[in-house]
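Data first, discussion second: the structure below is written as structure tokens.
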Amino acid sequence: MNVDTALPALAALAHPTRLEAFRLLVRHEPEGLSTGELVDASGLTQSTFSTHLAVLVKTGLVKSEKLGRQQIQRADIDTLRELMLFLAKDCCLGRAELCEPLLAELACC
């Protein structure tokens, strides 16, 4: 990942509705959620939520798959991993011991 791909992803997550939807999808990996379930969880109308979902899909944070008559949305864990690595790549100027608390926090959850 580079700045050109990280910035749109970070901008997409900077909106409360999109951030909550993405976090909800991460919690429901690997099975994902239907678009209807996401709309219900958001409390928004279908059309308003679809706009937010389109932003997440465009940035590669969410993958959409047709399953029967439903659209199943899934968090793209590979994109999330790339974004997190991009943010932490130069963590503590290569001094791993300074990043250990962050890694420990991630490992416990």
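The values are calculated or read from the model by the stated rules, or taken from the named source; none is laboratory data. Bear in mind that the values here come from a model prediction, so they are computed numbers and not experimental data. Glycine also receives a Cβ, built like all others from the backbone with ideal geometry; neighbour counts cover every protein chain displayed.
A few points about this structure:
- Selection count where residues are assigned to a strand (DSSP E or B), of a type in the set (A, V, I, L, M) and under 11 Å from the mean Cα position of the chain (by Cα), scope region 51-109: 2
- Residues that are closer than 13 Å to Lys66 by Cα and in a helix (DSSP H, G or I) within region 23-35 comprise just one, Thr35.
- For the residues Leu56, Leu80, Leu33, Leu38, the requirement of being touching a helix residue (DSSP H, G or I) at 6+ places or on another chain (Cβ under 8 Å), touching a residue at least 40 places away in the same chain (Cβ under 8 Å) and farther than 25 Å from Asn2 by Cα singles out Leu33.
- Subset of region 47-70 that is among the polar types (S, T, N, Q) and modelled with pLDDT of 95 or more - its residue that is nearest to Glu29 (Cα to Cα): Ser64
- Candidate set from region 1-20 (those that are in contact (Cβ under 8 Å) with a residue 40 or more places away in the chain and touching a Leu at 6+ places or on another chain (Cβ under 9 Å)); member that is nearest to Glu82 (Cα to Cα): Met1
- Selected residue (criterion: surrounded by the most Cβ atoms within 10 Å (Cβ to Cβ)) from residues of region 56-109 that are of a type outside the set (A, V, I, L, M) and at positive phi: Gly60
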